[in-house]
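Bear in mind that the values in this text are calculations on the coordinates, not laboratory data. Owing to the predicted nature of the structure, the values given are computational and were not obtained by experimental measurement. Cβ sites come from the backbone with ideal geometry, for glycine too, and all protein chains shown count toward neighbours.
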Amino acid sequence: MISIKSINKSYGAVMALNNINIEVSKGEIFGLIGPDGAGKTTLIRILTTLLLPDTGSAQVMNKDVVNDFRALRREFGYMPGRFSLYEDLTVSENLELFASIFGTTIEENYYLIEDIYKQIEPFKDRRAGKLSGGMKQKLALSCAMIHKPEVIFLDEPTTGVDPVSRKEFWQMLKKLKGYGITIFVSTPYMDEASLCDRIALIQDGHIMSIDTPNKIVSQFDGKLYAIISDKKHGLLKDLREFPSARSVFLFGSHIHYTDKNEELRKAELTDYLKLRGHDKIEILEILPVIEDCFLALMGNLKDAAHV
Amino acid sequence: MSNEFSIEVHELTKKFGDFTAVNEISFNTKKGEIFGFLGANGAGKSTAMKMLCGLLSPTGGMAKVAGFDIYKEREKVKSRIGYMSQKFSLYQDLTARENIRFYAGIYGMPDKEIKLKTSELLDRLHLHDFADVQIHSLPLGWKQKLAFSVAVFHNPEIVFLDEPTGGVDPVTRREFWEMITQTAQAGTTIFVTTHYMDEAEYCDRISIMVDGRIEALGSPEELKRNFGARSMDEVFIQLARPTADKIG
Amino acid sequence: MKRFQAFVKKEFHHITRDWRTLIILIGMPIIQIMLFGFAITNEIKDAKIAILDHAQDEHSTVLINKILSTDYFQLEKYLADDSEIESIFKKGKVKEVIIFESGFGEKLEKEKKANMQIIADASDPNTATMLLNYTQAIIVNYQANINLSKKLPFSINIQSEMFYNNELKGVYLFVPGLIAIILMLVSAMMTSISITKEKELGTMEILLATPMKPVIIIVAKVVPYLMLSFINSVIILLLGYFVFGVPVHGSLVLLLLEMILFILTVLSLGIFISTATSSQQVALMASLMGLMLPTILLSGFLFPVENMPLPLQIISNIVPAKWFIIIIKGIMLKGVGLSVIWKETLILMGFMAFFILLSIKKFKPRLA
């Protein structure tokens, strides 16, 4: 459905995308996961024919994003990172406008957007600029879906949105997947990775890993421990100073820790922490989440850059 | 300050016409506390924050920030606080040094102190080599760390952070929170909003706003216990779910 | 076609919902024409003048009485000699000095020809022109009266002089110039701003990612502004005619067609600006500095082109408004037809074609 081969793109001296290769098959939810400035928007803009790659090529639905761009623009749906609808038009006027751009009507494909649109329909005569963040998203998604595209590109649809609205948004995406629609979505939120079928972790224009979320997690190098003690603030520093510590990261209420040795000598670490005044020490081996993998991969990327 | 509270809020209310954006909220923050201010989009967080920063007049209730009344002593309030948001923080076309100089100047710091502290700050952030390039060419993570440093440069009693880590990479996000923790340990109260629920765990206490009211207030552990939840994410969703789609 | 209609509808929504801008766009021409109109046609009353009468004979005395008997002039002082002229002007006490040569009456009787001089303070050029015209009118009238009873006509040779601004020319013909400026403002500036606005808000990004043809997007944008500009010009014409009596001697149909041609020309200019800029602010500055100033200064609206230094005269040729003002003055005031103004019309068409081609060439179907 989407095929990206050796794409490079620079802005001046900044390498925004560095040899990107991705294949996405039909009906997949593919997540492009990385922080701001990693190159997510640039890649999505290349796929939506809005930017030209420096080198490399990409096909969406077997159409080349450079040469067949006119034909391709009929096919896909696109929801840019910034809310890009007309704020001075009402909800229904925006939707009608996009329906007529694609030569269709709201009624024709209503079934596709019904679940999403009916939540904002009570406000259909309200100007889009007066909607809340969550509702703007729903409208933007409705507009991107109105022509029944087989593939949609969503650039950071959940950025700046609270966790509840985010959850609802992902439920809508699952529903669209049910109609066989291929979804290419980018996000800076690592916890959304598990909602995708496959993901690419991107940082500084490099794809650090690309696979199903489970496989990426299983490739985590070494054992991961969650550590907690009664002295929350000092723990981070003390763990870092532990001689065999490899990585130490704050992680919500716990600290995630990996050791240089294959097997962590728990007793040794407990004694060390007690010596530094900690009490109620808990050390638990846990399964990593995507964010752990991302942190580890970022470390590798940095090491590689220094060599 | 005569008492231990850096922010005291009692039944603070803001109405826009017949819409109540902030509905009789009350809380106190202690000196050096990291206070997480959570809520869904449109729950009234930014309105409340604007009132506390002296940018918006309340329609009811009372609030003191750094010991000053937000009705009568707005200018004093403003001189005792720092502010940083994801959207606006630094002038992109000024260099790091110029930005520091500018903000320090606003708060009337003496030149000598500015020079000394600027050098210290650049050391701490490893920014010496980039001190004289325009901000827009720096990576986002650096910018946000610099913006935070600038916001606390004049040693405010309270610093307000509005989604300071949005879109920042996981490593920098953690470095950022270490800076926050250090600043708090030095006695500055941190008042922070975020959509990352793991960051809520780093706060000493959290309030969750729903439809203009504070529906939950306490330490992360207390809240999780009270709501029988394993993570802050669950707490948040339990609270905010039924009304998440209100407009604000 | 349905797409096009949908887009035109959208543009009308944008314009009508931004009612503050709309009020300015409709109100501005009215206010401007009123300001210009009244500033220029304001009746002069009791302007202070001084008289230096070297002749002091019958003719000069009668003429002086005639001049002073009107409401326009009031005598400040009789001057004794030429040296006082400069100083009385410098003090700002009088607006005009009238000088009769010695032996004015005698010369008029014997040589049938006499000289007088009118000097006006042209630091306020409009008033100065008006005073001069009134004075001249009175003198010509006097001359005509006395000639009725004489077999051989007398002639009074009037030498008029402007102090402080001797390049002054009449600005009566402000209506054509004003139409040019208003159209420039509404058509060029508003289209360029409205297109760059879509770039700035990100809506252009989403439109580019659809099968919508850029030509349709832009043409749809132009339609409402074409109508708005046309309405504005008609308002100005009507106000000019009914309030200030500015006539339309030529064909009204031709006039309206030429106005539409000019509107289209500046619209294409506005589109060109928008393809070359990416923010509303830059578009605004480009329109103001690049279009408004040349239009005001070089089009012949305020300053006659033939009095400019040669380089500026050459530059003025690339100001579309210059040609439009020639056309519209020709039709309105001289009543000429297309046979006289075909060249200027062709030039405007050339401008339009040029800017459209340039815009098409510059328009990028992608973001960067």
remark   = Expected max-MSF residue from B:Arg230, B:Arg173, B:Arg80 in the GNM of chain B (alpha carbon, under 10 Å) is B:Arg230
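Please arrange C:Lys197, C:Lys361 by how many other C-beta atoms lie within 10 Å of their C-beta, fewest to most.
So the ranking, lowest neighbour count to highest, is C:Lys361, C:Lys197.
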query = Each residue of segment B:224-229 in order: what ³J(HN,Hα) in whole Hz does its phi give by Karplus 6.51 cos²θ - 1.76 cosθ + 1.60, θ = phi - 60°, with x for Gly and Pro?
reply = 4, 5, 4, 9, x, 10
inquiry  = Taking the Cα centroid of segment C:329-368 and of segment A:130-202, what is the distance between the two, rounded to the nearest whole Å?
reply    = 48 Å
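Kirkwood hydrodynamic radius for the protein assembly as shown: how many Å is it when counted over pairs of different Cα atoms?
The answer is 33.7 Å.
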query = Does segment C:215-348 come out rounded, prolate or oblate by the C-alpha gyration tensor, with a ≥ b ≥ c the root eigenvalues, rounded set by a/c under 1.5 and, if not, prolate when a/b is larger than b/c and oblate if not?
reply = oblate
inquiry  = Of the candidates A:Lys260, A:Lys167, A:Lys26, which one comes out as most mobile in a Gaussian network treatment of chain A with C-alpha springs shorter than 10 Å?
reply    = A:Lys260
Cross-link table C:Lys45/C:Lys112; A:Lys138/C:Lys362; A:Lys130/C:Lys221; A:Lys232/B:Lys15; C:Lys66/C:Lys91, entries beyond 28 Å C-alpha to C-alpha = C:Lys45/C:Lys112; A:Lys138/C:Lys362; A:Lys232/B:Lys15
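D for chain B, whole µm²/s, Stokes-Einstein with Kirkwood Rh over alpha-carbon pairs at 20 °C and 1.002 mPa s: what number?
115 µm²/s
Only sites in a loop by DSSP and with at most 14 other Cβ atoms within 10 Å count here; which trypsin sites (Lys or Arg not before Pro) in segment C:86-121 make the cut?
C:Lys91, C:Lys93, C:Lys112
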Whole-angstrom gap from segment C:279-309 to segment A:1-63, using each part's C-alpha centre = 45 Å
request  = Output the direction-averaged projected area (hull surface divided by four) of the convex hull of the alpha-carbon atoms of segment A:95-205, in nm².
outcome  = 7.7 nm²
ask   = What residues qualify as long-range amide H neighbours of C:Lys48, i.e. H under 5 Å apart, gap of 5 or more or another chain, H built at 1.01 Å from N?
value = C:Gln74, C:Lys95
key: Bins of 10 Å from zero: percent of alpha-carbon pairs in segment C:1-128   = 11, 26, 20, 11, 9, 9, 8, 5, 1
message = Please rank A:Asp88, C:Asp81, A:Asp54, fewest neighbouring Cβ atoms within 10 Å first, as an exposure proxy.
response = C:Asp81, A:Asp54, A:Asp88
request  = Would you mind classifying segment B:10-69 by shape? Square roots of the alpha carbon gyration tensor eigenvalues, ordered a ≥ b ≥ c; an a/c under 1.5 is rounded, otherwise it is prolate if a/b is larger than b/c and oblate if not.
outcome  = oblate
Evaluated over chain C, the Cα radius of gyration and Dmax, each in Å = 26.8, 89
request  = Between the alpha-carbon centers of segment C:1-40 and segment C:176-190, tell me the distance in whole angstrom.
outcome  = 12 Å
ask   = Of A:Lys148/C:Lys197; A:Lys124/B:Lys64; A:Lys167/B:Lys45; A:Lys5/B:Lys145; A:Lys63/C:Lys9; A:Lys136/C:Lys2, which ones are farther than 31 Å apart at the Cα?
value = A:Lys124/B:Lys64; A:Lys5/B:Lys145; A:Lys63/C:Lys9
request  = Sort segment B:139-248 into rounded, prolate or oblate with this rule: let a ≥ b ≥ c be the square roots of the eigenvalues of the Cα gyration tensor; rounded if a/c is under 1.5, and if a/c is not under 1.5, prolate when a/b is larger than b/c, oblate otherwise.
outcome  = prolate
message = Under 5 Å between amide hydrogens, which residues at least 5 positions from A:Arg246 or on another chain qualify, with H placed 1.01 Å from N in the peptide plane?
response = A:Thr258, A:Asp259, A:Lys260
message = For chain B, set up a GNM with springs between Cα atoms under 10 Å and report which of B:Gly17, B:Gly44, B:Gly187 has the largest fluctuation.
response = B:Gly17
remark   = Exposure-ranked with fewest Cβ neighbours within 10 Å first, A:Leu264, C:Leu288, A:Leu47, C:Leu338 stand as C:Leu288, C:Leu338, A:Leu264, A:Leu47
task = Evaluate E = 1/(1 + (r/R0)^6) for C:Ser251 and C:Ala353, where r is the Cβ-Cβ distance and R0 equals 25 Å; express this FRET efficiency to the nearest 0.05.
result = 0.50
query = Residue-wise, which Karplus ³J(HN,Hα) couplings in Hz belong to segment C:73-78, taking 6.51 cos²θ - 1.76 cosθ + 1.60, θ = phi - 60°, and x for glycine or proline?
reply = 10, 9, 6, 8, 6, 8
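Given the convex hull over the Cα atoms of segment A:2-212, what projected area results after averaging over all orientations, in nm²?
On the way: hull surface 44.2 nm².
Taking a quarter of the hull surface, the average projection is 11.0 nm².
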query = Taking N as the number of residues in segment A:221-287, what is its Cα Rg relative to 2.2 N^0.38 Å?
reply = 0.97
